[in-house]
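To start, the structure itself, in C-alpha cells.
Here, each number is a calculation from the coordinates, and none is a lab measurement. As the structure is a computational prediction, the values presented were derived from the model and not from experiment. Glycine gets a Cβ as well: all are built from the backbone with ideal geometry, and neighbour counts include every protein chain shown.
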Amino acid sequence: MEESERHYHHGDLHNEMIRVGLALIAEGGTKAVGLREVARRVDVSPSAAYRHFDSKADLLEEIRKRVLQDLFAHLEAALNKHQDEPVGDRIAIICRAYFRYAVENPTQFQAAVYEFPISDDRETVSERPLRILKEMAMQIHPPVDDPVQVSLAVWAAAHGPATLSTFGSLREMPLEKKWALLETTIDILLKGLGLSQTTRG
C-alpha cells in the first residue's frame, strides 16, 4: 500500500472520493470533476484513485447512483405518511417532496440529473420511482389511456421547477416564489388530469 493511502481504512478512500467529487460539483459543476484533482484533494496518488474508479465517468456515475438512492428514499418516506390520501393529494405530495429535496440539496440534485453520461443501467435506476408514479396513475378515475405517459408528466411537473430553481435560470428567484411556481404547476397538472387536492402544503 502506498504511503499516502495508509490513513484510509478499506472503503474509506472510495467514499472520500465521492464526497470530494460532490464538493467539486458544487464549485464548478460536473465539468470540474477529474480523477487527478480528486486524488490531489484527498492526498493520494492518481494511481490510487484509478484503482477505485476507471474514469471520471465511473466516478460521476457512482455519485449519481448514491444521490438517486437518497432521493428515492426521501420520496418514499413522504408518500408513506400519506398512503390513504386521494390520488390527487399524493401526486402533489410527491411533487413537493421532489422539489424540496432539490432546493435543500442543490449540489446532490445537480449531480444526479445534470450533464451525466447515460449508463446502461439508467432505466433500472429510474424504475423504482416510475413504478410508484405509474401505480398512482392507474388509480385515476376515469382511467387514463396511458399510465406511463401520465407518470412521466408527473415527474416532469416536479422536475421542471426543481431544475430551474436549483441550477437553472430561476436559481436567484426568492424561495417563496419558487414554491409558488411549483404549486401553480401542480394545480395545472391536476386540473389536466381531472383531479384536485383536499389539502395543500
Could you compute the net charge surrounding LEU164? Neighbours are other residues with a C-beta less than 12 Å from the C-beta of LEU164; K and R count +1, D and E count -1. +2
Here the FRET efficiency for ASP187 versus ALA73, based on Cβ atoms and R0 = 35 Å and rounded to 0.05, is 0.80
Read through the labelled values [x] 232; [y] 129; [z] 119 and report the label of the one computed as volume of the Cα convex hull per residue in Å³ from the structure. [y]
For the table LYS65/LYS134; LYS31/LYS134; LYS31/LYS191, the rows whose alpha-carbon distance is greater than 28 Å are LYS31/LYS134; LYS31/LYS191
Where does helix 122-137 land angle-wise versus the long Cα axis of the chain, in degrees 0 to 90, nearest 10? 20 degrees
Before anything else, pin down the relative contact order of the chain: Cα pairs under 8 Å, at least 6 apart, normalised by residue count, whole percent. 20 percent
Efficiency by 1/(1 + (r/R0)^6): what FRET value for ASP146 and SER47, r their Cβ-Cβ distance, R0 = 45 Å, to the nearest 0.05? 0.30
Let me have the 222 nm mean residue ellipticity of the chain computed from DSSP H runs of 4+ only, each contributing -39500 (n - 2.57), with the sum over all residues rounded to the nearest 500. -22500 deg cm²/dmol
Nearest-ten-degree value, helix 175-192 long axis tilted from longest Cα axis of the chain: 50 degrees
Among ALA48, VAL148, ILE186, whose Cα projects farthest towards the positive end of the dipole of the chain, with charges put on the beta-carbon of Lys, Arg (+1) and Asp, Glu (-1)? ILE186
What's the extension gain from LEU175 to THR198 if we count 0.36 nm per residue and subtract their Cα-Cα distance? 5.9 nm
By how many degrees, between 0 and 90 and to the nearest 10, does the Cα long axis of helix 12-28 differ from the longest principal axis of the chain? 70 degrees
For a quick protection proxy, order the peptides 56-62, 169-175 by their average other-Cβ count within 10 Å, most packed first. 56-62, 169-175
